[in-house]
Amino acid sequence: MVNVFTTTVGTFRRLFHLLKALNSLLFFVIWLTIRDLYYVIANLSLPRRKVESVVLSDQPGHGGVWPQFQAPIQATDSRSPCPALNALANHDILPRSGKHISYKQMSHTIQHAYNLAPSLADQLTASAYQLDQGRSWIDLQDLSALNVIQHDASFTRPDIAFCPDQGVPHPDLVDRFLSHASNGKSLSLDDIVYFSGVRRAECKRTNGQYSMTWSFLHQFFGSGNNALMYSIFGGDVEDLRVWLSEERFPDQWEPRNREARGHTIMQAVSKTLIIELNINEKQKLRSENTALNETREP
């Protein structure tokens, strides 16, 4: 029955849970920061990993030798909007089904496959916690929820308003992104910043449900994905074409980031800020985009 007493109790109960959640979040952030600082100092002190040994010897992918690739079965396998996770499932490093993946398993796997510091791997995995529902595991397709991992103005997928199935890459959009490599062989940070501005402007123009206009957090997350992609692949167009379009690891590929203790949160945030703070949705278009008039649907 609705009355003043139950309303008051409900208010204090929710306030208590909010304060408890904020306290847990604050502790997590402090703990991540302390751990990340350790890895930053370790990376400054220790030699970089040798070529062909970036992935540790006891992990899949050592020496560029990855488990066999198998394209997902659309009817049964679960896939996300994230090429990094999908590639791991397609090589059976994460479960090939893409289902019932624990957060510890996800963090451990991305840490070793992409040479990330444990602090950064845990931070990236933490974004999925809000979808947990008390299960302690997740299916990759759960990450298609808007603005968790999935975000508008992606380089590999149309906005969710036009494409509800965010588990499948769109090679035509990938090719369009990679065509902006200024030298034809590798993407620079300038190229990534430029195409980010192009995608945001066109998605804002064509998508009545565009969600990034007033959300710096989601804009920052999108730029963070691009910053990590640049650090891990070094902008190599051919490697990125395979990884983004087919969601598999190229033959003999290994991460370009060779830090002894892995790529850190501090490094990732620094490069993310460089990208995000230089994006201009009203920029002057390059000649190839002027010719196309950038009127395609995203």
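The values are calculated or read from the model by the stated rules, or taken from the named source; none is laboratory data. If you're wondering where the values come from, they're calculated on a predicted model, not measured in any experiment. Please note: Cβ atoms are built from the backbone with ideal geometry, for glycine as well, and neighbour counts cover all protein chains shown. For accessibility, only protein heavy atoms count, side chains too; no ligands or nucleic acids. Shrake-Rupley method; radii C 1.70, N 1.55, O 1.52, S 1.80 Å.
Those residues that are in a loop (DSSP other than H, G, I, E, B), open to solvent by 30 Å² or more (accessible area, probe 1.4 Å) and either of a type outside the set (A, V, I, L, M) or farther than 25 Å from GLU52 by Cβ (or both), I need them from region 93-126; list them, please.
PRO95, ARG96, SER97, LYS99, HIS100, SER102, listed by residue number.
Hey, can you tell me all the residues within region 1-32 that are under 25 Å from ALA121 (Cβ atoms) and either open to solvent by 90 Å² or more (accessible area, probe 1.4 Å) or out of contact with any helix residue (DSSP H, G or I) (no Cβ under 8 Å at 6 or more places or on another chain) (or both)?
ALA21, LEU22, ASN23, SER24, LEU25, LEU26, PHE27, VAL29, ILE30, TRP31
Checking SER223 against (1) within 23 Å of GLU281 (Cβ to Cβ); (2) in contact (Cβ under 8 Å) with a residue 60 or more places away in the chain; (3) buried (at least 20 other Cβ atoms within 10 Å of the Cβ), which test does it fail?
Looking at each condition in turn, SER223 falls short on (2).
Any chance you could count how many residues in region 218-268 are closer than 27 Å to PHE69 by Cα and aliphatic (A, V, I, L, M)?
8
Out of region 136-152, which residues are in contact (Cβ under 8 Å) with a residue 24 or more places away in the chain, open to solvent by 10 Å² or more (accessible area, probe 1.4 Å) and assigned to a loop (DSSP other than H, G, I, E, B)?
Passing the criteria: SER136, TRP137, ASP139, ASN147, ILE149, HIS151.
Please go through region 207-219 and give me each residue that is open to solvent by 50 Å² or more (accessible area, probe 1.4 Å) and either closer than 18 Å to ILE274 by Cβ or hydrophobic (A, V, I, L, M, F, W, C) (or both), ordered by number.
Passing the criteria: TRP214, PHE216, LEU217.
Inside region 23-44, can you point out the residues that are small (Gly, Ala, Ser) and free of Cβ contacts under 8 Å to residues at least 24 places away in the same chain?
Once the filter is applied, which keeps residues that are small (Gly, Ala, Ser) and free of Cβ contacts under 8 Å to residues at least 24 places away in the same chain, region 23-44 yields only SER24.
Out of (1) over 23 Å from VAL269 (Cβ atoms); (2) part of a loop (DSSP other than H, G, I, E, B); (3) in contact with a strand residue (DSSP E or B) (Cβ under 9 Å, 6 or more places away or on another chain); (4) not basic (Lys, Arg), what's the single condition that is false for GLN133?
(3)
Yes/no matrix, rows are residues, columns are (1) in contact with a Gly (Cβ under 9 Å, 6 or more places away or on another chain); (2) open to solvent by less than 50 Å² (accessible area, probe 1.4 Å); (3) touching a residue at least 60 places away in the same chain (Cβ under 8 Å); (4) aliphatic (A, V, I, L, M):
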site	(1), (2), (3), (4)
ASN183	no, no, no, no
VAL237	yes, yes, no, yes
PHE249	yes, yes, yes, no
ILE265	no, yes, yes, yes
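Could you tell me which numbered condition PHE162 fails, if it satisfies all but one of (1) open to solvent by 60 Å² or more (accessible area, probe 1.4 Å); (2) free of Cβ contacts under 8 Å to residues at least 12 places away in the same chain?
(2)
Of the residues that make up region 192-205, is at least one acidic (Asp, Glu) and either open to solvent by 30 Å² or more (accessible area, probe 1.4 Å) or under 26 Å from SER119 (Cβ atoms) (or both)?
no
Take the residues in region 281-298 that are surrounded by 14 or more Cβ atoms within 10 Å (Cβ to Cβ) and in a loop (DSSP other than H, G, I, E, B); name whichever of them is modelled with the lowest pLDDT.
PRO298
Considering each residue of region 59-92, count those that are buried (at least 20 other Cβ atoms within 10 Å of the Cβ) and over 18 Å from PRO171 (Cα atoms), and give that number.
Residues meeting the conditions: 7.
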